[in-house]
Structures are given as C-alpha cells and as structure tokens.
1. Of everything in the stretch A:121-162, what is at pLDDT 90 or above and either in a loop (DSSP other than H, G, I, E, B) or basic (Lys, Arg) (or both)? Give them in sequence order.
2. Give the residues of the stretch B:1-22 that are within 15 Å of the ligand (Cβ to nearest atom) and part of a helix (DSSP H, G or I), sorted by residue number.
3. Is it the case that A:Ser164 is under 21 Å from A:Ile81 (Cβ atoms) and free of Cβ contacts under 8 Å to residues at least 24 places away in the same chain?
4. Any residue at all in the stretch A:85-105 that is outside any helix (DSSP H, G or I) and modelled with pLDDT under 50?
5. Anything in the stretch B:26-55 that is near the ligand (Cβ under 10 Å from one of its atoms) and either within 9 Å of chain A (Cβ to nearest Cβ) or under 32 Å from the mean Cα position of the chain (by Cα) (or both)? List them, or say none.
6. Go through (1) farther than 15 Å from A:Glu161 by Cα; (2) facing chain B (nearest Cβ under 7 Å); (3) not polar (S, T, N, Q) and name the single condition A:Arg83 misses.
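The values are calculated or read from the model by the stated rules, or taken from the named source; none is laboratory data. Here the structure is a predicted model, which is why all the values come from computation and not from measurement. A quick note on method: Cβ atoms are made from the backbone with ideal geometry, for glycine too, and the neighbour counts reach across all protein chains shown.
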Amino acid sequence: MNGGSPSSAADPDTQLMREFTAGNEEAFDRIVKNFEHRVYGTIYRYVGSRAAAEDCAQEVFLRLYRMKKTYKPTARLSTLIYRITTNLCLNFIRDERRRRMVSLDDRKNDGSIAIGALIRDERAEDVSAALEARERAEIVRRALGRILPRQRVALVLHRFEGLSYAGIADVMETNVAAVKSLLSRARASLAEALRADIEAGNL
Amino acid sequence: MYCEERDNLAAFLDGELEPGEAERLRRHIEGCAECREYLALLKRSYDALEYVEPVEVPEGLGTRVLAGARKRSRVPMFAAAAGLVAAALVFTWLSTKPGVGPAPVEDPQVAWAAGLTGEEQGVVENMDILEDYDILSDLDLLAQYDTLAGFEEFPEIEAI
Ligand SMILES: [Zn+2]
C-alpha cells in the first residue's frame, strides 16, 4: 500500500479535487464528468442492475462532494473514488443480504441475489440453437454474481477497469499477495460456473 | 487433490508474476497436462466476460449527480440540531455494542465517505451525514442483527 503516493501531487484529477475544496464548484463538475463512466461501470458490473447502479453512483459522488471540508490528498483521486465505489458495492450486497435474512431467513445466500433477482432462468429451452448475445450476457452475469463479494470487487477492477494488482491493492487497502489470492479464487469460481457452457460450446 | 501450482495460474495469465517465477511456472505447465487444461479453462472463462454488455452511462446521469450532491448537502439548521441529538444517541448506542457493525476500513476518510458505522468518532464529527444516512435506518436492522449470530458476513475476508 502506498496511500500517500507522491504521484497524487501531480495527478490532474487530484488537483481538481484540491480546487474544489478550495471553493471552485466547477471543478467538481469536471470530476463527475471524468469519473461517471468508471463509477457507473464498476457498480453496474458488480451489482448487475442499472437502477441500482444509478443510485449507487449518485451516492458515490454525494459522499465525495461532502468531503469538501475534510478531504486530504493522501491518495490519487481515482484510488479514492474507486475505494468509495467498491465499499458502497460491498455495503450494497451486505444490506441486500441482511434485508433478505430478516425477511426470508435465507441463510444460504451467496451474495448473488442482486443479480439473481434480475435474471430469468430460461436456459433449458434453447439448448441446440446458437445462444443469442443477450443470453450469453446473462450466463456470464449470473456467473459473476456467484463470486464472493471481495473477490468480485477485485475481478471487476481488474477485468473491466484495467487496474493492476498493485492498483487493486491500493483501492482495497490490502497487499498484492492478498489481491493475487482474491483474483485466483475469483477466477476459479468463474471457471467452474462457466465450465459447462464453455464445454457445450455456448461461450 | 489438484496440482498445487493451480493457484498461481491466474497471476501467470495476468503477467503479474516475477520473471523468474513466471519462467519456472511456464516450464511446469509444459510438463503438466492438468495445469495446461486448467489454464485453458481460466483463459476462456475470463475471455467470456466480454459478453457482458457494454456499459452505457444513462443520459443525464452527471446532471442528476451534481444536482443531487448539491441539494442533499444543504442541511437546514433544525435538521443539523436533530442530527446532533441523533449522533449522540448513535454514539452512545454503538459504544455499548462492541463488535456490532461492518469490518473497519483503514482509511478514516473513506470509512466516513462509505458510511461505515464503525467510525463513531467520524459520525459525531460529521453530523450532516446523518441527514439521509443508513445509520439511522440501520438501527432496527442492527438490533435484529444481534439475533442473527452465526451469520457469516464476508467469510472470505478471514481467508486471505
Ligand atoms: Zn500442474
């Protein structure tokens, strides 16, 4: 971990956040513009729902905005934003689970409800025909939804946001060895979840 | 049960192993059919993630984000006073409930921003966050949480 990396000083986005905390409101508009795609994309890949992604993205920027008076440039702004985003994603799953625990007393939940609830199970019907893109997307999203929360965070940051192991370690406030382990297990779950479809030639 | 090198294969594919280690593993893979097969599966399943639809940011998201952040960050005086009382209650309550709440995050700045309730001090110092915060609505859930002992929140956290 290198929270106070020297690179944060020269980073233009970090500089924008400094300007914002110094009273330049317009700098925050530019931060939103620069990061909305990354924030929304990360949440969408993680949670699998557009509505939830919009709500969570709003929350990420609200929380960043409220750092106006407390912000300290201890890390690059992108690291900070990914950190808020992934913590909210993890909270989202935790809250979903808890809600479900309370209402359904389902103790076997694996963290995939957010996605599971949004995906219809329509596989069996259409085995011989070539799978449509939408169906392939559903298979893959369902597999992603089965990956445990922290492993899934690491996977999304790596595969979709293009972060290195070191970058993921910064965001998740852990070390590279732990990231390697998270990703290895994430990819093992993914491989097992997709094995049958790969062997059947669906993917 | 399976080849012990399997756990290194993802990092090998990602080019995240030290050069010497990568070379050693490459030679192992040449001689290990099981690893070759698993490596192929890892690669194909990772490639399959391309089938996830491309993300399209909803139109007007930035505008809504900005409007929401500015609107929701304004705290009327009476709300701030109510927040102060609520924060004091929450602080007292949390202080008497060790072990309740999510795992702590190291960076207090982020712990606060992400709404992690373990940061009692942050709660008291940042009353405005209580305006719409999970923490108040979570009180009921946290109370019920006590009855859910044995529930594993993030089992994999311990494992790393
Ligand atoms: Zn092997």
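1. Listed by number, the residues that qualify are A:Arg136, A:Arg141, A:Arg142, A:Arg146, A:Ile147, A:Leu148, A:Arg150, A:Arg152, A:Arg159, A:Phe160, A:Glu161, A:Gly162.
2. Pass one, the stretch B:1-22, residues within 15 Å of the ligand (Cβ to nearest atom): B:1-13, B:17, B:21-22.
Of everything in the stretch B:1-22, those that are within 15 Å of the ligand (Cβ to nearest atom) and part of a helix (DSSP H, G or I) turn out to be B:Glu4, B:Glu5, B:Arg6, B:Asp7, B:Asn8, B:Leu9, B:Ala10, B:Ala11, B:Phe12, B:Leu13, B:Glu21, B:Ala22.
3. Numbers: under 21 Å from A:Ile81 (Cβ atoms): yes; free of Cβ contacts under 8 Å to residues at least 24 places away in the same chain: yes.
For A:Ser164, the condition - under 21 Å from A:Ile81 (Cβ atoms) and free of Cβ contacts under 8 Å to residues at least 24 places away in the same chain - is met.
4. For the stretch A:85-105, residues outside any helix (DSSP H, G or I) and modelled with pLDDT under 50: present.
5. The answer is B:Cys35, B:Tyr38, B:Leu39.
6. For A:Arg83, the exception is condition (1).
Yes/no per residue for (1) more than 8 Å from chain B (Cβ to nearest Cβ); (2) small (Gly, Ala, Ser); (3) crowded, with 21+ Cβ neighbours inside 10 Å:
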{"position": "A:Ala154", "(1), (2), (3)": "yes, yes, yes"}
{"position": "A:Leu157", "(1), (2), (3)": "yes, no, yes"}
{"position": "A:Phe160", "(1), (2), (3)": "no, no, no"}
{"position": "A:Gly167", "(1), (2), (3)": "yes, yes, no"}
{"position": "A:Ala178", "(1), (2), (3)": "no, yes, no"}
{"position": "A:Ala191", "(1), (2), (3)": "no, yes, yes"}
{"position": "A:Ile198", "(1), (2), (3)": "no, no, no"}
